[in-house]
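So the structure is just underneath, and the comments pick up after that.
The values are calculated or read from the model by the stated rules, or taken from the named source; none is laboratory data. Given the structure is predicted, the values throughout are model-derived calculations rather than measurements. Here the Cβ positions follow ideal geometry from the backbone for every residue, glycine too, while neighbour counts run over all protein chains shown. These area figures cover heavy atoms from the full protein model, side chains too; ligands, DNA and RNA do not enter into them. Shrake-Rupley method; radii C 1.70, N 1.55, O 1.52, S 1.80 Å.
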Amino acid sequence: MGSSQSVFSEQELDDYQTLTYLTKKEILHVHKRFSNLNSSEVKRDKNAKLRFEIISQLPELKVNPFKDQIMKVFSSSGDGITFEDFLDMMSVFSDSAPKPVKVEYAFRIYDFDGDDMISSSDLKTVITRLTGENSLNDEEMQQLIDSILKEADLDDDAMLSFAEFEHVISKAPDFANSFRIRL
């Protein structure tokens, strides 16, 4: 880890380990995956920022219907992913990240309009991405949204706050297993 081959100093690795849910070995593995996406750019500049199109080629993201939203949530600049953004993403999606952290990021991913609430519009987008464009007609879509809100919207404001979302997710035992990327 501290060999002359490492791209990080021992202090940098210690800092990354402190700031993530990853071990030093996992951090180095994440860096290798990041570098493999565009090794020439990353080798030239340790702080390189890779375009979303490059990051979306990761096998785990390539098939994910929320890949654009995931990258938007984890991008510190909004126009690409730095290694530290990528490390944060891999840390949150790791098996070691606690469920409350995963829930917080899931909420941000499903909040498409960024208003800190999950509205009917956000739910429609989530459902459409999960089921495909033509799987539900408008009436079926509205029934599903109404059913979700009836179950989860505790204050009857036709939106899910973070607390309401967290309450619903707490009842989903497989959530943490589905919200992960294996290193």
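Whether any residue in the range 27-46 is under 25 Å from Phe165 (Cβ atoms), surrounded by fewer than 18 Cβ atoms within 10 Å (Cβ to Cβ) and over 12 Å from the mean Cα position of the chain (by Cα) is what I want to check. No, the range 27-46 has no match at all.
On the stretch given as the range 149-175, residues that are surrounded by 17 or more Cβ atoms within 10 Å (Cβ to Cβ) and within 21 Å of Asp95 (Cβ to Cβ) total 1. crowded, with 19+ Cβ neighbours inside 10 Å, among the basic types (Lys, Arg) and under 12 Å from the mean Cα position of the chain (by Cα): does that describe Lys102? Here the answer is yes, as Lys102 does meet what is asked.
A search for C-beta distances below 7 Å between a residue of the range 15-26 that is of a type in the set (Ser, Thr, Tyr) and any residue that is in a loop (DSSP other than H, G, I, E, B), counting only pairs 6+ apart in sequence or on different chains, returns Tyr21/Ser94; Tyr21/Ser96; Tyr21/Ala97.
Mind checking which residues of the range 158-178 are at pLDDT 90 or above and among the aromatic types (Phe, Trp, Tyr)? Can you show your working first?
Of the residues in the range 158-178, the ones at pLDDT 90 or above are 158-169.
The answer is Phe162, Phe165.
Only residues that are under 12 Å from the mean Cα position of the chain (by Cα) and open to solvent by 10 Å² or more (accessible area, probe 1.4 Å): list them for the range 57-68, please. Result: Glu60, Asn64, Pro65, Phe66, Lys67, Asp68. Which ones in the range 48-65 are touching a Ser or Thr at 6+ places or on another chain (Cβ under 7 Å) and either in a helix (DSSP H, G or I) or free of Cβ contacts under 8 Å to residues at least 24 places away in the same chain (or both)? Scanning the range 48-65 gives a single hit, Lys62. Restricting attention to the range 143-154, does a residue exist that is of a type in the set (Lys, Arg) and more than 30 Å from Phe8 (Cβ to Cβ)? Yes, the range 143-154 contains a residue that is of a type in the set (Lys, Arg) and more than 30 Å from Phe8 (Cβ to Cβ). Just for the range 105-122: of the residues that are touching a residue at least 24 places away in the same chain (Cβ under 8 Å) and open to solvent by 50 Å² or more (accessible area, probe 1.4 Å), which one is farthest from Phe179 (Cα to Cα)? In this case the residue turns out to be Asp116.
Where helices (runs of 4 or more DSSP H) fall wholly inside the range 134-183, the ranges with 3 or more residues that are free of Cβ contacts under 8 Å to residues at least 12 places away in the same chain are 138-152. Here the range 66-84 is the region considered, the condition is being among the charged types (D, E, K, R) and either part of a loop (DSSP other than H, G, I, E, B) or touching a helix residue (DSSP H, G or I) at 6+ places or on another chain (Cβ under 6 Å) (or both), and the residue that is farthest from Val30 (Cα to Cα) is Asp79.
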